[in-house]
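**Q** Mind looking over this structure? Questions follow.
The values are calculated or read from the model by the stated rules, or taken from the named source; none is laboratory data. Keep in mind that this is a model prediction, so the values were computed, not measured. All Cβ positions, glycine included, derive from the backbone under ideal geometry; neighbour counts span all protein chains shown. Only protein heavy atoms, including side chains, enter the accessible area calculation; ligands, DNA and RNA are left aside. Shrake-Rupley method; radii C 1.70, N 1.55, O 1.52, S 1.80 Å.
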Amino acid sequence: MSRILVSACLLGAPVRYDGRAKTLSGSLIENWRATDRLVSLCPEVSAGLATPRRPAEIEPGASAAEVLDGTARVLTDTGEDVTAYFVRGAQIALDTAKARDCHVALLTDASPSCGSRWVYSGHHDGSRQTGRGVVSELLERNGIRVFSPRDIAALASALA
């Protein structure tokens, strides 16, 4: 039975940059939890970032693909380069998914790590843009389909 790699914040862990969770609930989550299909991971914490931490975004005009390719950075709102943590977290997520037989992932949107449909613009002004986070990009490159909480029904169909 294939498992689902899930952003730890969606399962109630207070690991977001602001020290909070973004808990997702519902019958699908509870069923998957009861059948041991969920593999919880926070890539940023796994890579060594603290909670809470400064908010970070992929630099303006760049993409997660460019971060992975080494031509763009992830920066905090104070300008600190935290790219290495995000790339390391993405690799940990991929390694975990492979080791735990996760062929799909349920990741929170907006995050420079987990964003699957959109991310913030890099200006730290609240504006957002279509795009992926670094983890989502690496997982997709390796054949692991990524879904956002808005797409949970599609995720359930993909597992059927």
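**Q** Just to be sure I understand the filter: pairs with C-beta atoms under 8 Å, separated by 6 or more residues or on different chains, first member in segment 74-85 and over 17 Å from G126 (Cβ atoms), second member of a type in the set (D, E) and open to solvent by less than 60 Å² (accessible area, probe 1.4 Å). Which pairs pass?
**A** As it stands, the answer is V74/E57; V74/E59; Y85/E44, since those pairs meet every condition given.
**Q** Ok, one more. Based on what the data block shows, is V146 in contact with an Asp or Glu (Cβ under 8 Å, 6 or more places away or on another chain) and in a strand (DSSP E or B)?
**A** Yes, satisfied.
**Q** Same structure, new question: Under 9 Å between Cβ atoms, which residue pairs at least 6 apart in sequence (or on different chains) link something in segment 54-72 that is under 9 Å from G133 (Cα atoms) with a partner that is of a type in the set (A, V, I, L, M, F, W, C) and part of a loop (DSSP other than H, G, I, E, B)?
**A** Listed pairs, sorted by first residue: I58/A72; S63/A72; A64/A72; A65/A72.
**Q** Quick check on segment 102-123: of everything there that is assigned to a loop (DSSP other than H, G, I, E, B) and open to solvent by 60 Å² or more (accessible area, probe 1.4 Å), which residue is modelled with the lowest pLDDT?
**A** For segment 102-123, the residue satisfying everything is R117.
**Q** Name every residue in segment 132-160 that is open to solvent by less than 20 Å² (accessible area, probe 1.4 Å) and not β-branched (V, I, T), in order of residue number.
**A** G133, S136, L139, F147, S148, L155
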